[in-house]
Amino acid sequence: MQNEETFQFADERFADLQMLRYQVPGFLDLNLRQQVLVYYLSEAALWGRDILWDQNGRYNLRIRQLLETVYTDYSEERDTQEFKEFAIYLKRVWFSNGIHHHYGCMKFQPGFTSSFLRRAVLSVPASKLPLREKQSVEELCDELFPVIFNPEVCPKRVNQTEGEDLLLTSSCNYYQEGITQAEAEEFYASQKASGDAAHPIMYGMNSTLMCDGKGCLYEDVWHSGGKYGNAIDHIIACLELAIPYAENVRQKEVIEKLIDFYRTGDLKTFDAYTILWVGETKGEVDFTNGFTEVYGDPLGLKASWEGYVNFVDKKATHRAQLLSDNAQWFEDHSPVDPRFRKEVCRGVSAKVINAAILGGDLYPSSAIGINLPNSDWVRAEYGSKSVTIGNLTHAYNQAAKGNGFREEFVINKETLDLLNLYGDVCDDLHTDLHECLGHGSGKLLPGVDADALKAYGSCIEEARADLFGLYYIADEKLVELGLTPDKEAYKAQYYSYLMNGLLTQMVRIEPGHTIEEAHMRNRALIAFWTLEHYPQAVQLVNLDGKTYVRISDYSLLRKAFGVLLAEIQRIKSEGDYEAAKMLVETYGVHIDSALHKQVLARYKKLDLAPYKGFINPRYEVKYNSQGEITVVTLTYGESYDEQMLRYSRDYRTL
Ligand code: ZN
């Protein structure tokens, strides 16, 4: 792994996008067998790329080929406004895996003219263009240009507007053109009616709904030998190569069952696969590969293809384990009324993982936490896997360092230095304390309903876990356990926590709105309660028209968090709904509109990209004379356009 200091987490910035790079720490600590397993599973995660492009829109793959050919083969002057706009457009299309915004779903409007693109397309080798049989280059332009330039054509990938026909107005490619919402809904209602109600399969998940021309609907199933068969066969080939390297019998069965599903497209087999997958928790390497999330279908049935591979971060998992092992000590020393403590307390052993590759609908824009499977009855009967992807979170944090955010909102140089020195260690540790100890601590008094706090329950629960973490992050026990470097470190967490709760988390709220999300409410609750009750410890001060958080007594702050933790635990243990309501409504919901306006204006000036995505690392292998892999190397140097062009070239299947 490259040195943290020299590694560039932030890469290109264009339109509303910021490209980042992530490191894969711990890869070199895996043994060769595990590295080979990661390699083959990563290949399987890359081979599905074209499936997603086609799912996102029926013209996407051909438009990509046309744009890429211009990008690589255009031989005239590139240093023009039109060409620059063209390049930005292509980069956005790459980012979205299609011509619509990855988040907002609206079609991109090119910043260059159709006459520029026509000239450019006519100037490149016709053999590299996505021509249909007997189609001329002019005809190709006539066919695809309205899709690129005309705002009326394919305006939105997924339309969710109540009252409109969601299929006729969405241009995702899950239903044959012309099939109405009512027709599709009727088709799937009758499938469901005749199926197993207690253990329903994921109806419609892996097929395109088609019409036979006589008004009869049928499914074109995505499987080997069927639709997307070529891509799926490449995925299967990589999975087969991975099997001998599986870490245990169960993991081998998982991979075999997935191959079985890809071969048959049978959704009962898919359920059997997810059940096996949920139960495989012993292996250090894990993956998802397949038709997964349904956000891209306005009816929420069809699953977009995604793939990723991860493995356990041993160092971080050790940290979580250390806390879990000492759970009873933390419980016995917590500042809450002993009646509300657990006599026997077992910590939660959280698994921290690092992503090795991102593919399909997780690339380049990725979630940082994943919780699967999506089938409700499988979750209820077999559980689910929930993970936080440590190295992606880390990359976000590192990239945010140089962007001016802290410089704008932190009160002075001394505090800024404190945050730069201890911020990362403390952030991770606070999360661990929250997850491994906070949620698991305390108990309800006998007879108290777990849902007594109703709508305020989740905010109070998050506040409880956060406060447990805040209280203990300042404890000498953590220095003793080797989890914090010294007795000063916690101050970084105290400052950044209060700055976030009092000021900066407001940047995510629209002017005039209140705070709704439970985690955000909990942070505001803790911060504003402390501000009001402990003015000797923390204040909001105005310097040259800008508001800052000032902390004047860190040890008093710890006391404050202890007092609030005791009260929040009481509320939870006794099921005191009125007190929960009072705390949340008083401190967690409302925003001072003048302060909000000021914070938004300061944030806007920083001109930060609202959306971020990742460039993957590159894995390469060497073989011996028996065809076995002897070395897997990992490099980070590839640029965004190099990577996209390589993927289009090397993993093209459709
Ligand atoms: Zn939580």
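The values are calculated or read from the model by the stated rules, or taken from the named source; none is laboratory data. On a predicted model such as this, the values are computed, not experimentally measured, just so you know. A quick note on method: Cβ atoms are made from the backbone with ideal geometry, for glycine too, and the neighbour counts reach across all protein chains shown. The protein model used for the area step is the full one, side chains on, heavy atoms only, and it has no ligands, DNA or RNA in it. Shrake-Rupley method; radii C 1.70, N 1.55, O 1.52, S 1.80 Å.
Of note:
- Here the convex hull built on the C-alpha positions of the range 372-458 has a volume of 192 cubic angstrom per residue.
- Taking the 1.4 Å solvent-accessible surface of the range 417-507 as the whole, the part contributed by carbon and sulfur is 49%.
- Counting only protein chain heavy atoms and rolling a 1.4 Å probe, the accessible areas of THR635, THR69 rank, largest first, as THR635, THR69.
- Once Rg and the Kirkwood radius are both taken over the C-alpha atoms of the range 346-496, their ratio Rg/Rh works out to 1.01.
- Column: log10 I(q)/I(0), Debye, Cα scatterers of the range 199-332, q = 0.15, 0.17, 0.19, 0.20 Å⁻¹: -0.81, -0.96, -1.11, -1.19
- Protection-proxy order for peptides 10-16, 506-512, each taking the mean of Cβ atoms within 10 Å per residue, highest first: 10-16, 506-512
- The trypsin sites (Lys or Arg not before Pro) found in the range 174-237 that occupy coil by DSSP, while having at most 10 further C-beta atoms within 10 Å, are LYS214.
- Extending 7 Å from Cα along the Cβ direction at LYS487 and again at ARG379 yields two label points whose distance is 4.6 nm.
- Pairs from LYS156/LYS192; LYS268/LYS612; LYS268/LYS302; LYS401/LYS597; LYS214/LYS302; LYS413/LYS604 whose Cα-Cα separation, in the structure shown, is over 26 Å: LYS156/LYS192; LYS268/LYS612
- Per-selection Rg to Rh, the range 157-244 - Cα, Kirkwood hydrodynamic radius: 1.06
- Burial ranking of peptide ranges 461-474, 597-610, 385-398, 429-442 (average Cβ count within 10 Å, highest at the top): 461-474, 429-442, 385-398, 597-610
- Charge dipole (Cα centre; +1 on Lys/Arg Cβ, -1 on Asp/Glu Cβ; no other charges) of the range 1-139 amounts to roughly 480 debye.
- Neighbour-limited loop hits for trypsin sites (Lys or Arg not before Pro), the range 260-296 (at most 14 other Cβ within 10 Å; DSSP other than H, G, I, E, B): LYS282
- Over all projection directions, the Cα-based convex hull of the range 137-178 averages an area of 3.5 nm².
- Dipole magnitude of the range 521-654, debye to nearest 20 (Cβ charges: Lys/Arg +1, Asp/Glu -1, about Cα centre): 240
- Hull-based mean projected area of the range 9-61, where the convex hull spans the alpha carbons, in square nanometres: 5.5
- Residues in the chain average 43 Å² of solvent-accessible surface per residue, probe 1.4 Å, ligands and nucleic acids excluded.
- As a ratio to 2.2 N^0.38 Å, the alpha-carbon radius of gyration for the range 36-105 is 1.34.
- Between the listed residues ASN624, VAL541, TYR587, the Cα displaced farthest toward the positive end of the dipole of the range 504-654, a dipole computed from Cβ unit charges relative to the Cα centre, is found at ASN624.
- Positive-end residue of VAL336, ILE255, LEU362, charge dipole of the range 252-373 with Cβ unit charges: VAL336
- Dipole magnitude of the chain, debye to nearest 20 (Cβ charges: Lys/Arg +1, Asp/Glu -1, about Cα centre): 660
- Debye log10 I(q)/I(0) for the range 470-596, one point scatterer per Cα, at q = 0.13 Å⁻¹: -0.58
- Accessible surface for THR504 stands near 10 Å², nearest 10, in the context of the full protein assembly shown (1.4 Å probe).
- Accessible surface of the range 272-368 [probe 1.4 Å, protein heavy atoms]: carbon and sulfur percent: 55
- Whole-Hz Karplus values for the range 543-551 come out as 10, 6, x, 10, 8, 10, 8, 10, 10 Hz, taken residue by residue from phi with 6.51 cos²θ - 1.76 cosθ + 1.60 and θ = phi - 60°; glycine and proline positions read x.
- For q = 0.07, 0.09 Å⁻¹, Debye-computed log10 I/I(0) when each Cα of the chain counts as one equal scatterer: -0.53, -0.89
- The chain, helix-only ellipticity at 222 nm - DSSP H runs n ≥ 4, -39,500 (n - 2.57), divided by all residues, nearest 500: -14500 deg cm²/dmol
- For the chain, the longest principal axis of the Cα atoms and the long axis of helix 490-502 meet at an angle of about 70 degrees.
- Principal-axis tilt of helix 413-432 within the chain, Cα atoms, nearest 10 degrees: 80
- Of the residues LEU418, LEU453, ILE389, the one whose Cα sits farthest towards the positive end of the charge dipole of the chain is LEU418 (charges of +1 on Lys and Arg Cβ, -1 on Asp and Glu Cβ, taken about the Cα centre).
- Antiparallel bridge percentage (DSSP; both residues within the chain; nearest 5): 80
- Relative to the dominant Cα principal axis of the chain, helix 229-242 is inclined by about 50°.
- Dimensionless Rg over Rh [the range 509-571; C-alpha; Kirkwood]: 1.03
- Kirkwood-Stokes translational diffusion coefficient of the range 97-221, alpha-carbon pairs, 20 °C, 1.002 mPa s, µm²/s: 123
- 5 Å-binned pair-distance histogram of the range 548-647 (Cα, whole percent): 2, 8, 8, 9, 9, 9, 9, 8, 7, 8, 9, 6, 4, 2, 0
- DSSP-loop GluC sites (Glu not before Pro) across the range 337-431, with at most 13 other Cβ within 10 angstrom: GLU343
- Descending semi-axes in whole angstrom, ellipsoid equivalent of the range 1-154, from the Cα gyration tensor: 34, 19, 16
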